[in-house]
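Worksheet: the structure to be examined is printed underneath.
The values are calculated or read from the model by the stated rules, or taken from the named source; none is laboratory data. Keep in mind that what you see is a predicted model, and the values were worked out from it rather than measured. A quick note on method: Cβ atoms are made from the backbone with ideal geometry, for glycine too, and the neighbour counts reach across all protein chains shown.
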Amino acid sequence: MVATPIGNLSDISRRGLEILGRVDLIAAEDTRHTGRLLVHFGLATSRVSLHEHNEEQQVPALVARLAQGDSIALVSDAGTPLISDPGFRLVAAAREAGIRVSPVPGPCALIAALSASGLPSDRFLFEGFLPAREQGRRRRLQTLREIPCTLIFYESSHRIGDALRDMAEVLGGERRAVVARELTKTFEQVQGDTLEGLVRWQSEDPNHGRGEFVVLVSGAPQQETGELTAEAERVLQLLLGELPLKSAARLAAEITGVSRNILYQRGLELR
Ligand code: SAM
């Protein structure tokens, strides 16, 4: 399972390149797309296509080749295979057949976005793409409303505006969120605000609706508690490094569920 870049070609790992050059075959979501990547790095390994619509037919032949001793690298068009991309059936069948499946880790849009978002990263739920139609999308969002950890979505330029609007309406316009756009590319942006603020931000400039998107939304606010937890203190300290006390206490309360007053008092002491 070889991860490939999500934009910046320099992000492929040395091991990934070495393996792509050495395997007997590359199973690629789009053979032409992967062909361009290989040409860029001076490689010419044979390729076979493995995408959403042919995976089921392709799996037996690929597993048979693996069983004969051939090595196959699986890649998708961008990022880590199987993450909102094909490959699950192949991996399951190969493992079932006793074949070693090994990851060559690398770029993954959701992890890259989370790492730069400033939203809690200790627990998160990756939802992938929301349903394309409004009714299905809103229904899915309803099921996520009470979940207390960071929610992560993939979104395309066709639907980013509608998706943000539905998130604001169903999850609550006051929730903190981040839109990570065109990561690792020339026009990379990681924009944080409330969901309501992001709806406005997105509609005020056509460029804000272009490219590829990861949307991250902070989890459902937890019941405020009067007890200052170690985690709340850690969050408060981090935020105090960047923000005035009042904002730091408000955000820390939103993130951790500890009362804003208690965090404010503790912030005064820490200062
Ligand atoms: N396998 C990929 C991964 O590891 O992230 C994801 C593939 S999925 C079909 C494509 C979606 O990932 C895009 O619609 C977008 O939501 C997200 N994505 C991929 N590259 C991105 C980038 N450079 N910036 C922001 N989002 C990106």
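Within segment 64-75, is even one residue within 12 Å of the ligand (Cβ to nearest atom) and within 18 Å of the chain's Cα centre (by Cα)? Reasoning before the result, please.
Residues of segment 64-75 within 12 Å of the ligand (Cβ to nearest atom): 74-75.
Next, from what is left, pick out any that are within 18 Å of the chain's Cα centre (by Cα): 75.
Yes, some residue in segment 64-75 is within 12 Å of the ligand (Cβ to nearest atom) and within 18 Å of the chain's Cα centre (by Cα).
Working carefully through the options A232, A177, find the one that is of a type in the set (A, V, I, L, M), in contact with a strand residue (DSSP E or B) (Cβ under 6 Å, 6 or more places away or on another chain) and over 17 Å from S117 (Cβ atoms). I'd like the intermediate steps shown before the answer.
Numbers: A177 fails: over 17 Å from S117 (Cβ atoms).
Going through A232, A177 in turn, the sole match is A232.
Would you mention how many residues in segment 97-136 are more than 11 Å from the ligand (Cβ to nearest atom) and over 17 Å from Y154 (Cβ atoms)?
The qualifying residues number 15.
Of everything in segment 123-138, what is in a loop (DSSP other than H, G, I, E, B) and free of Cβ contacts under 8 Å to residues at least 60 places away in the same chain? Give them in sequence order.
L130, P131, A132, R133
Given the conditions (1) loosely packed, with under 15 Cβ neighbours inside 10 Å; (2) under 25 Å from the mean Cα position of the chain (by Cα); (3) of a type outside the set (V, I, T), and given that R95 satisfies all but one, which numbered condition is not satisfied?
For R95, the failing item is (2).
Quick one: is E227 more than 12 Å from the ligand (Cβ to nearest atom) and either β-branched (V, I, T) or farther than 22 Å from L130 by Cβ (or both)? Walk me through it before giving the result.
Numbers: more than 12 Å from the ligand (Cβ to nearest atom): yes; either β-branched (V, I, T) or farther than 22 Å from L130 by Cβ (or both): yes.
It is true that E227 is more than 12 Å from the ligand (Cβ to nearest atom) and either β-branched (V, I, T) or farther than 22 Å from L130 by Cβ (or both).
Sort through P81, P60 and tell me the only one that's touching a residue at least 24 places away in the same chain (Cβ under 8 Å) and farther than 30 Å from E188 by Cα. Working first, answer last.
Values: P81 fails: farther than 30 Å from E188 by Cα.
That would be P60, the only listed residue that is touching a residue at least 24 places away in the same chain (Cβ under 8 Å) and farther than 30 Å from E188 by Cα.
Quick one: which of A163, A168 is outside the structural domain of G21 (by TED's automatic domain parsing), under 26 Å from P206 (Cα atoms), surrounded by 21 or more Cβ atoms within 10 Å (Cβ to Cβ) and more than 16 Å from the ligand (Cβ to nearest atom)? Quick ask: steps written out before the conclusion?
Working: A163 fails: more than 16 Å from the ligand (Cβ to nearest atom).
A168 is the lone residue from the list that is outside the structural domain of G21 (by TED's automatic domain parsing), under 26 Å from P206 (Cα atoms), surrounded by 21 or more Cβ atoms within 10 Å (Cβ to Cβ) and more than 16 Å from the ligand (Cβ to nearest atom).
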